[in-house]
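S.K.: Below you'll find the structure I mean.
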Amino acid sequence: MAVIEEYTAFESNIMGSLHVFEAVRGMKRRPIVVSACSSAEYGRVPASKIPVTEDQPLHPLHPYGISKVCLDLLARQYFLDYNIPTVNVRLFNTTGPGKTNDAPSDFVRQIARIKKGLQSPVIEVGNLKPRRAFLDVNDTVRGFYLAALKGRSGEAYNLCATRTYEMRELLSTAIHLSGVKAEIRPVARLMRPSDEKIIFGSTAKLRSDTGWKPHCSLEQTLKSMLDYWSRAL
């Protein structure tokens, strides 16, 4: 399964993007190409370098991160060689209604199931000590839009929430907003072999060049997610 996922990541992020750049190269009127890059490109960053800036060396730890570095470099090369207007957005943690496979969505889905009587009042969790900066999907979309309109061609921009929360804080906030009473139970299958203590990116460059800033608070994001899963289940 892992091999298939790695192949898919390379096929999509590298070869798929290459086809896009080649198609754009043949156009008389070239659109701005905004590449969805990733914080995974940075890899493990020393505590002294956090929040990480765009000039941090790229040392990805897994194939997905490697594929995103390739996309990052590919976009820059098409700008330099063919003058195609490209902007790279290095996206950090983002979440919102309908999102799956991240800690906030896992928390709120369990809470919604408990409220509906679909699950016993026990919330299973992994490591609650890491700190993450989860950006609301609405602020994420607006960040990509402003990067396309006002970003400098050939440049990379971090897109990240402006504050980190310990996973424990995030869970406590979701429980408070829902009003449920539940036991918090750490389970081995949700524990990762290694977890970065903190993932956090500087957005000073994006703010300076585009005027972007986040509008949604953590509470607003979690409330919208709770509402979504209450309807969806």
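The values are calculated or read from the model by the stated rules, or taken from the named source; none is laboratory data. Quick caveat, the model's predicted, so the values are computed rather than measured. When we count neighbours, we look across all protein chains shown, and the Cβ atoms used for this are built from the backbone with ideal geometry, even at glycine. SASA here: full protein model, heavy atoms, side chains in, ligands and nucleic acids out. Shrake-Rupley method; radii C 1.70, N 1.55, O 1.52, S 1.80 Å.
S.K.: Of everything in the stretch 209-229, what is buried (at least 16 other Cβ atoms within 10 Å of the Cβ) and in a helix (DSSP H, G or I)? Give them in sequence order.
M.R.: Here is the first cut: in the stretch 209-229, the residues buried (at least 16 other Cβ atoms within 10 Å of the Cβ) are 209-210, 212, 214, 216, 218, 221-226, 228-229.
Listed by number, the residues that qualify are 209, 210, 218, 221, 222, 223, 224, 225, 226, 228, 229.
S.K.: Given the residues 6, 11, 54, which is the only one that is of a type in the set (Asp, Glu) and out of contact with any helix residue (DSSP H, G or I) (no Cβ under 8 Å at 6 or more places or on another chain)? Quick ask: steps written out before the conclusion?
M.R.: Working: 6 fails: out of contact with any helix residue (DSSP H, G or I) (no Cβ under 8 Å at 6 or more places or on another chain); 54 fails: out of contact with any helix residue (DSSP H, G or I) (no Cβ under 8 Å at 6 or more places or on another chain).
Checking each option against the conditions leaves just 11.
S.K.: Residue check: is residue 138 among the polar types (S, T, N, Q) and touching a His at 6+ places or on another chain (Cβ under 9 Å)? Spell out how you get there, then give the answer.
M.R.: Details: among the polar types (S, T, N, Q): yes; touching a His at 6+ places or on another chain (Cβ under 9 Å): yes.
Criteria met by residue 138.
S.K.: Spot the failing condition for residue 118; the list is (1) surrounded by fewer than 18 Cβ atoms within 10 Å (Cβ to Cβ); (2) in contact (Cβ under 8 Å) with a residue 40 or more places away in the chain; (3) under 25 Å from residue 205 (Cα atoms), and only one is missed.
M.R.: Of (1) surrounded by fewer than 18 Cβ atoms within 10 Å (Cβ to Cβ); (2) in contact (Cβ under 8 Å) with a residue 40 or more places away in the chain; (3) under 25 Å from residue 205 (Cα atoms), only one is false for residue 118: (3).
S.K.: Next up: Residues of the stretch 121-136 being without any contact (Cβ under 8 Å) to a residue 60 or more places away in the chain and open to solvent by 20 Å² or more (accessible area, probe 1.4 Å), which ones?
M.R.: Hits for the stretch 121-136: nothing passes.
S.K.: May I ask you to list the residues in the stretch 189-208 that are out of contact with any Pro (no Cβ under 9 Å at 6 or more places or on another chain) and either under 23 Å from residue 90 (Cα atoms) or open to solvent by less than 40 Å² (accessible area, probe 1.4 Å) (or both)?
M.R.: Passing the criteria: 194, 205, 206, 207, 208.
S.K.: Here is a follow-up. Residues that are closer than 25 Å to residue 38 by Cα, under 17 Å from the mean Cα position of the chain (by Cα), among the aliphatic types (A, V, I, L, M) and open to solvent by 60 Å² or more (accessible area, probe 1.4 Å): does the stretch 159-175 have at least one?
M.R.: No, the conditions are met nowhere in the stretch 159-175.
S.K.: Can you run down the residue pairs with Cβ atoms below 7 Å, 6 or more apart or on separate chains, where the first is in the stretch 211-225 and under 22 Å from residue 178 (Cα atoms) and the partner is among the hydroxyl-bearing types (Ser, Thr, Tyr) and not in a helix (DSSP H, G or I)?
M.R.: Listed by first residue and then by second, the contacts come to 218/165; 221/95.
S.K.: Still on this model: Going through the stretch 59-96 one residue at a time, which ones are β-branched (Val, Ile, Thr), in contact with a Lys or Arg (Cβ under 9 Å, 6 or more places away or on another chain) and either in a strand (DSSP E or B) or open to solvent by 10 Å² or more (accessible area, probe 1.4 Å) (or both)?
M.R.: Selection gives 86, 87.
S.K.: Let me ask something else about it. What tally of residues in the stretch 1-50 results from selecting those that are touching a strand residue (DSSP E or B) at 6+ places or on another chain (Cβ under 9 Å), open to solvent by 60 Å² or more (accessible area, probe 1.4 Å), outside any helix (DSSP H, G or I) and closer than 20 Å to residue 155 by Cα?
M.R.: 1
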